[in-house]
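Rule-based calculations on the coordinates, nothing more; no lab input. Computed from a predicted structure; not experimentally measured. Neighbour counts run over all protein chains shown; Cβ positions are idealised from the backbone, glycine included.
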Amino acid sequence: MERFTQDAAVGYEVAGPSKKMTSYRTWLFSGGWPRFDGWPAKNVHTDLASAQQSGLPTRAASGAMMQGYLCELMIDLFGEGWLGRGRLSLKFIRIVDVGDTITARARVSARLPEAGATRFDMEVWCENQRGEHVVVGSGTGWVS
């Protein structure tokens, strides 16, 4: 994926790579250190019974994983400088289940000159393989 230039137009949309949510991926992210007895730790992200006892219909992949996918997309678009200056504001609206395929997406909602750079306000979201949004929000990045 190419980084943004100052010419990226309002409405321009990009997508990151699609990622399959697997049991192993959720275990590694939410199951604790993999070299201890009882790994993965049982919680709403790794164990169906724990999820159902908590009132969830199924195991839910951690929202922080979706946040990471969106951060990865923003770094791809704006470079590593996004880590020091970029912003994300997110709302988690749907459960991501094992077997889902998740794609991080962003669309330019505003392009504004700001202190020798161009600020891009972005609409950001992750969607599953059915096109349902699972995370929605906004982000900001700058291009010099």
Worksheet item: Here is a list of conditions, (1) assigned to a loop (DSSP other than H, G, I, E, B); (2) within 17 Å of the chain's Cα centre (by Cα), and GLY38 meets all of them except one; can you say which number that is?
Response: (2)
Discussion item. For segment 82-107, give me the residue count where each residue is buried (at least 18 other Cβ atoms within 10 Å of the Cβ), more than 14 Å from VAL136 (Cα to Cα) and of a type in the set (A, V, I, L, M).
Written reply: 1
Worksheet item: Under 7 Å by Cβ, and 6 or more places apart or on different chains, what pairs join a residue from segment 112-133 that is closer than 25 Å to PHE92 by Cα with one that is aromatic (Phe, Trp, Tyr) and in a loop (DSSP other than H, G, I, E, B)?
Response: PHE120/PHE4
Worksheet item: Tell me, which residue of segment 4-23 that is loosely packed, with under 12 Cβ neighbours inside 10 Å and either basic (Lys, Arg) or outside any loop (DSSP other than H, G, I, E, B) (or both) is nearest to the chain's Cα centre (by Cα)?
Response: LYS20
Worksheet, complete the sentence: Scanning segment 57-66 for residues that are of a type outside the set (Lys, Arg) and surrounded by 15 or more Cβ atoms within 10 Å (Cβ to Cβ), the one nearest to the chain's Cα centre (by Cα) turns out to be MET66
Worksheet item: Which condition does GLY99 not pass, out of (1) outside any helix (DSSP H, G or I); (2) on the phi < 0 side of the Ramachandran plot; (3) touching a strand residue (DSSP E or B) at 6+ places or on another chain (Cβ under 9 Å), if it passes all the others?
Response: (2)
